[in-house]
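The values are calculated or read from the model by the stated rules, or taken from the named source; none is laboratory data. None of the values given here were measured: they were computed from a predicted structure. Here the Cβ positions follow ideal geometry from the backbone for every residue, glycine too, while neighbour counts run over all protein chains shown. What goes into the accessible areas is simple: the full protein's heavy atoms, side chains included, and nothing from ligands, DNA or RNA. Shrake-Rupley method; radii C 1.70, N 1.55, O 1.52, S 1.80 Å.
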Amino acid sequence: MGLIRAIARPMLAAPFIAGGISQLQNADKLANVAGPFIHKIAEPAGLPDDPELLVKANGALMITAGAGLATGIMRKPSAALLGAALVPTTLAAHSFWEYEDPGQRAIHKTGFFNNVGLLGGLVLALVDTEGKPGLLYRARSARRTVSRSADVTRRDLKRTAKFAKREAKHAAKAARREAKIATLEIHDALD
């Protein structure tokens, strides 16, 4: 499985790295395409209303996070960042529902669903445990272990309490017998 991951991660990262390089090289042209979307979301998202700057920032993020995913260095944060960047990029570049021309609509629809597929791959990379048990499995396993330990402890305590009760009963009986013997010896000594 290690070999498969070593091959698959760079394959998944390649479109992001290539797209990031393209965004940096063509930021002015892409800013025109992304501009209407950026103008809509900039203020509510607390971003500067500068399409070219945001396209360049997105490109730099895609290259950096793509490299992190490809090399496996900080792969989960890289996959999360790429996924977070992919959603607005897809909405800005491939809003196929806004096109009247069937040819343009088809091109953007294909781009949209390609990005949805890439997002699915990023989600898989994000939740990949590399063959190790996941957090949910480990939590359930720990709960079962604690539950078993508690059951064993409870049985041991019950057994110990029962034994202690029996021993206390025998000790009390022996003490009464000793007291009776002492009382008889005192009566014999007085007579």
(1) in a helix (DSSP H, G or I); (2) surrounded by fewer than 19 Cβ atoms within 10 Å (Cβ to Cβ); (3) modelled with pLDDT under 90: which one isn't true of Thr89, the others all being true?
(2)
Only one residue in Lys109, Lys132 is touching a helix residue (DSSP H, G or I) at 6+ places or on another chain (Cβ under 6 Å) and either basic (Lys, Arg) or outside any helix (DSSP H, G or I) (or both), so which one is that?
Lys109
List the residue pairs whose Cβ atoms are under 8 Å apart, where the first residue sits in the range 131-160 and is over 30 Å from Ile4 (Cβ atoms), the second is open to solvent by 100 Å² or more (accessible area, probe 1.4 Å), and the two are 6 or more positions apart or on different chains.
none
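Out of the range 66-79, which residues are out of contact with any Phe, Trp or Tyr (no Cβ under 7 Å at 6 or more places or on another chain) and surrounded by 19 or more Cβ atoms within 10 Å (Cβ to Cβ)?
Of the residues in the range 66-79, the ones out of contact with any Phe, Trp or Tyr (no Cβ under 7 Å at 6 or more places or on another chain) are 67-79.
Once the filter is applied, which keeps residues that are out of contact with any Phe, Trp or Tyr (no Cβ under 7 Å at 6 or more places or on another chain) and surrounded by 19 or more Cβ atoms within 10 Å (Cβ to Cβ), the range 66-79 yields Gly68, Leu69, Ala70, Arg75, Ser78, Ala79.
Looking for whichever is free of Cβ contacts under 8 Å to residues at least 24 places away in the same chain and on the phi < 0 side of the Ramachandran plot here; the options are Ala65, Ala125, Ala106. Which one fits? Give the derivation first.
Numbers: Ala65 fails: free of Cβ contacts under 8 Å to residues at least 24 places away in the same chain; Ala125 fails: free of Cβ contacts under 8 Å to residues at least 24 places away in the same chain.
Selected residue: Ala106, the only one of Ala65, Ala125, Ala106 that is free of Cβ contacts under 8 Å to residues at least 24 places away in the same chain and on the phi < 0 side of the Ramachandran plot.
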Which one of these is within 30 Å of Leu3 (Cβ to Cβ), crowded, with 20+ Cβ neighbours inside 10 Å and not polar (S, T, N, Q): Leu61, Leu54, Leu82?
Leu82
